[in-house]
Structures are given as C-alpha cells and as structure tokens.
Amino acid sequence: MIASCLLRAGARSPGIRARPKSLRFHSSGASPPAPAAAAVNDVTETNFSTALTELRRLVRDADFVSIDLEMTGVTSAPWREALEFDRSDIQYLKIKDSAERFSVVQFGVCPFRWDTHSHCFVAHPYNFYLFPRQEVSIDGFWNDFLCQTSSLEFLAKHQFDFNTCIYKGISYLSRSQELEALNKFPDSSPTPSGTTTMDTMQSTRMSDILFVERMKNTIDEWLVELRVVVKHFRDLCYVHGGNAETSSVPHPLIVYTDSVTDRDLLMREVKALQREKHELKVKAAIGFRHVIDLLSSEKKLIVGHNCFLDWAHVYRKFFGPLPPTVEEFASELQAYFPHIIDTKVMLNSDDALLHTVGRAGTSLSKAFSRLCSPASGRINGLLVKVEVQVDDRRVSNWNSGSKHEAGYDAFMTGSVFSQACLHLGIDLGMDSVDLRRNEKLGKYLNLLYLSWANGDVVDLKTGRATAAKSRYPKDRDFSKMVVLWGEPSRLKTKDIRECFSKTFGTSAVTSARHLDETAALVQFSGEELVEKFLEWKDALRRDGGGPISSLHPLTRIFDGGTVRAGTYETYKEICSSPVSEFLFSDQAEAAGR
C-alpha cells in the first residue's frame, strides 16, 4: 500500500538534537570488545559545509568509495515488483518508475584508504540526511514526497530519525534543474511608458523601509503638485523594491538620471547585481549534489551492493530525467562514473565466496557477518583489518551496528568488498595498487544486477543484460507470452490453465504468473499458440455471446468483455506509460489499451 504526501518544509526546528554516535566496526582480534562511542559522521544542513570540505580530501586520497541509499519506497504498485517473467527493458522501466516517484532520505558515503604502516583499510563513514526541499522556483517542478508505508515502517523499525530528515535534511538540485533555474533569470523589458522594470529588490533594514515610505510620500506629492512633461519620463528608471515579509506588493523606486548613458549604466549595474544574487541563490541550492559532483570528478572506484536502483536514484536526483532505455542509461552513467563494482555480483560469481556466505547469505548484512567478523569471516586463514576513523579518533572494534542506516551500510559494503579483494588475491599492501585497473577485478567491473528476481546482470559498458546464475529456469521465451487483464474473478491462474488446456492441449501452458489481482502473464509452449489465442479472443468478441461463445472453453475468461489480452510488447507498452495507476487493469486503461 502506498501513502503519498506532499511535504513542504517550513522553518527549521532549533530543538532537534543530533543523534548520539556509536562506535562500530571491526578488528582481526579473537573476540570483539564492547562497543564504544562514535563511528559514523551524521551530516545535516547544519554541518554540511564542514563535512564537504573534509570529504573532498578523503575522497581524493581514497582507494575506493562505497555508497548506500535509503529511500521512501521501492515499488509504487504490486505489478511493478520485479518478476522472473520481466525482460531487461521492462525491469528497467520498473526501476525507472521507482526512482522517479520515491525520494532518497539518507545517502551513505564511505571512503576507504589503505594504510601501509598499519596494514589495514581506514574507513571514514558519512551519513547524509537528505530532504527534497524546494529552495528555488523552477517552472513545472514541484517536489512530491511519495512514501510506501512498508518502507516507512522499515525505516522506523531501524530507528530512522524522521525529524532530522525533514527539518535538517540537506536539499539538492540536479544539473538539469540548476541549468533551468539559472536560465530563468528574466531580462529587463520596457514598460508602456518607455521605462525599464527590474525584479524586486527587498529591503530588510528598518531604516531602508522608512526611507522607502518617505520617498513614496515625496513622489506622491510631486506627482500631485507638478505637471511633468512626458519627455521627462524617458529619464526615469523604475526599480521595484520592498520587503517581502511586510508586503507582497513591490514598491516602485524612481531614480531620475541626467542622461540616457547614466540611465543605461544604472540599469546594467542593477541587473548585474540581481543576476549575481540569483546565481548565488541557485548555487547555494545545489546542496548535496556537490558530493555527487565530487565522486564523479574524481573518477574513483565506487562500490555498492545490489545497487542498480541506487544508481537510478543518483542519476534522477542529481543529473536529470532518466533515459528511456537501459542501454542509454548505462551509457550516460558510465560517462559520469566509469568504475563501478556491485559486491552482490562478486559474491555470486565466485564459487569460493558463494560457498562461504551461502546462497541465501548474499544480502549485505549476512555477507558482512559471514565474511568480515573474526569468528567466521576468514577465507584461507586471512582477514582484512578495517579501522574506522571519525574526526581524529580511529577504532578497530565492531558490533552489528545500525543496519539500514545508509552510512553504516556503506561501511559494511566497503568491508565486504575489501575482504573479497583479499580472497581474489589482490595485493592490498602494494603502495601503488590501483583497484580501478586491477586485472583480477576487471571481470566484475561495471556489472550490476538489474533484478535479483531473475538474476539478469547489466554490463554498463554495452548496456546489454545477460542471465547470471538464476534461481529460475532459463527457458523464458518472451515471444511465447501473453498478458491478460480485467476482472479479477476471471483471472485465477488455475482457471486460466484449465481453459487454455481445453483449447490448445494439456501441455500448451508452461507457466502462469499473476501481476496483481487484475492481471496475469502466461507463457505458452509454442509461439504459434500466442497467435491462435489472440485470434480466438477476437473471434469470441465478434461472436458476442453467439453459438461459438456458448461452447468455447475460453468464454469462461472472455465472457462479458471485461478481460483484455495482448502480446508481451503490449505489456511493455503499458509499463512504459508515464501515468501510474495502482491496479494493472487501470494502468492499461489509462495507457489507452
């Protein structure tokens, strides 16, 4: 169930206290000591500037940077969940919808640097609170804050601080929004009287307000007592002024100039001042995107875990609208981030690692527990030492920490990656090791799980998806599939199989899967059966309750005209529609099907 709410941030709350920091993470000792205090840097708009300065240095010196995101939702409707029947282009459309509709509320960034003296990785975890506050006005743009109730419950269960997020979260502008906001600055335009009108210049000091009022009275008296020759108005410049807090109506400030040259010079100066003020306001609104720009410009190796959705959010929130196809998205993402690793791909592609974590243990928390804890993480007797540094304190003790806090999850991701590197035989002790160009890491570079439901992996270098080790049979044939939607009571998979078997034979249907209560995907054993099925559907509709309909098994599904059907391409067309309905049947109708 989805709850949608539009949150518009008002005044900041001075009463919010920063969440106490707690020491987390890990050593190669025999047993973990008790947790101490402080391990993740929580960053809000209050300390963002200082944290950004620190992060620039840490990222520049890092061997790799791990990231993790926490969002307000994953799927906007049941039929948009990842299915084993989804082709790669449809999987991307579902991820695209999620990234477009839900917000990022935490962004974890954790630079890792190899310390040659201590022979360990030093991690610097940062936990950024984000909130899509609208700092500048952009035509046609408004920040909706769509929430999935199960996601909010999940965040609350893991002690997510919603007050800090909403009141002190860092806002941001994407690159496309920044460009649009900068271009929105209006040019000066002549008024009917031949004067020039400029944007409002706000007065904030009481002396300025009193001066404006005195000038208004003086001008009013002058206008009443004197007859001004029309040509004099050519020498008048209007500059709107006033205080937005006391009045929504701008007050005209009239400046008399001695010459056209003086007038033009004055207007250029005022316009330049206002443009500078506008640009500064837009630049200040960039906010957290400075972190993304930093990661992109440094071209560091970026590590995530099962992170395709994370990258879709990064692109949508900080660069611009998502491309329509997965191939275009992969190409665009590679231009910004040429070196990406998905630790889930690593774990599932290496038999020894997979044996260590277990097939059911490739979730981040389980992989971290199996690989990185002293008790169970040793592979061939080896364990990478990771120390956490926050401010000037460095610690090596660990506990389970606050899982699903973005900063800590980013830390766990980097720790799993470092342990996997050790297993692959990468000599982390080399002074000049460059993980981005390491031959042993090369076969995992820029490969992302598109969907864990069917194991498809996208190569960002080509945009093509291939089936990796999948939990599902690889006999999916999309040309043999049809989609049905309409009245829920007529779309039970058991009834569908029975009707199709009576029409085309007992082996006609190889699989059937509900999308939601109003729709189902069915795969036939042969492509020719798809064509025959659609022909029968049209024939029964034309018959309209006639002799054919009364005897045909498919009448049980299509009687009454409430059920529709189409090919797999019809399914894609409905998924790609910009509208978003909760039920698939409503989505199909809205898409014109």
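Among residues that are surrounded by fewer than 16 Cβ atoms within 10 Å (Cβ to Cβ), in a loop (DSSP other than H, G, I, E, B) and either in contact with a helix residue (DSSP H, G or I) (Cβ under 6 Å, 6 or more places away or on another chain) or at pLDDT 95 or above (or both), Arg56 is not included. Among the residues of the stretch 372-389, just one is more than 13 Å from Ser418 (Cα to Cα), at pLDDT 70 or above and among the hydrophobic types (A, V, I, L, M, F, W, C), namely Val388. Out of all the residues in the stretch 98-121, is one or more farther than 30 Å from Asp516 by Cβ, modelled with pLDDT of 90 or more and of a type in the set (Val, Ile, Thr)? Yes, the stretch 98-121 contains a residue that is farther than 30 Å from Asp516 by Cβ, modelled with pLDDT of 90 or more and of a type in the set (Val, Ile, Thr). Selection of the stretch 93-111 for residues being of a type outside the set (Val, Ile, Thr) and touching a strand residue (DSSP E or B) at 6+ places or on another chain (Cβ under 7 Å) yields Arg101, Phe102, Ser103, Gln106, Phe107, Gly108, Cys110, Pro111. Among the residues making up the stretch 333-360, those that are without any contact (Cβ under 8 Å) to a residue 24 or more places away in the chain and surrounded by fewer than 17 Cβ atoms within 10 Å (Cβ to Cβ) are Ala335, Asp351, Leu354, His355, Gly358, Arg359, Ala360. Residues in the stretch 236-265 that are part of a helix (DSSP H, G or I) and surrounded by 11 or more Cβ atoms within 10 Å (Cβ to Cβ) were compared, and the one that is modelled with the highest pLDDT is Leu265.
Within the group Pro78, Pro125, which residue is crowded, with 23+ Cβ neighbours inside 10 Å and assigned by TED's automatic domain parsing to the domain that holds Ile166?
Numbers: Pro78 fails: crowded, with 23+ Cβ neighbours inside 10 Å.
Criteria check complete, one pass: Pro125.
Looking only at the stretch 317-327, decide whether some residue is assigned by TED's automatic domain parsing to the domain that holds Thr72 and touching a Leu at 6+ places or on another chain (Cβ under 6 Å).
As a first pass, look at the stretch 317-327 and keep what is assigned by TED's automatic domain parsing to the domain that holds Thr72: 317-327.
Cutting the leftovers down to touching a Leu at 6+ places or on another chain (Cβ under 6 Å) gives us none.
The answer is no, given that none of the residues of the stretch 317-327 is assigned by TED's automatic domain parsing to the domain that holds Thr72 and touching a Leu at 6+ places or on another chain (Cβ under 6 Å).
Within this structure, Ser171 fails the test of being of a type in the set (Ser, Thr, Tyr) and in contact with a Ser or Thr (Cβ under 9 Å, 6 or more places away or on another chain).
Scan the stretch 305-343 for residues that are in a helix (DSSP H, G or I), touching a helix residue (DSSP H, G or I) at 6+ places or on another chain (Cβ under 8 Å) and either hydroxyl-bearing (Ser, Thr, Tyr) or at positive phi (or both) and the total you get is 3.
Scanning the stretch 266-304 for residues that are part of a helix (DSSP H, G or I) and of a type in the set (Lys, Arg) returns Arg268, Lys271, Arg275, Lys277, Lys281, Lys283, Arg289. Exactly one condition in (1) modelled with pLDDT of 90 or more; (2) loosely packed, with under 14 Cβ neighbours inside 10 Å; (3) in contact with a Leu (Cβ under 6 Å, 6 or more places away or on another chain); (4) not hydrophobic (A, V, I, L, M, F, W, C) is not met by Ser479; state its number. Only one criterion in (1) modelled with pLDDT of 90 or more; (2) loosely packed, with under 14 Cβ neighbours inside 10 Å; (3) in contact with a Leu (Cβ under 6 Å, 6 or more places away or on another chain); (4) not hydrophobic (A, V, I, L, M, F, W, C) is unmet by Ser479, namely (3).
Within the stretch 576-587, does at least one residue satisfy the condition of being at positive phi and surrounded by fewer than 16 Cβ atoms within 10 Å (Cβ to Cβ)? There is no residue in the stretch 576-587 that is at positive phi and surrounded by fewer than 16 Cβ atoms within 10 Å (Cβ to Cβ).
Only strands (runs of 3 or more DSSP E) whose full extent lies in the stretch 448-531 are considered here, and the ones with at least 1 residues that are in contact with a strand residue (DSSP E or B) (Cβ under 7 Å, 6 or more places away or on another chain) and free of Cβ contacts under 8 Å to residues at least 24 places away in the same chain are 465-467, 509-516.
The values are calculated or read from the model by the stated rules, or taken from the named source; none is laboratory data. Source: prediction; values computed, not measured. Note that each Cβ is placed from the backbone with ideal geometry, even for glycine, and that neighbours are counted across all protein chains shown.
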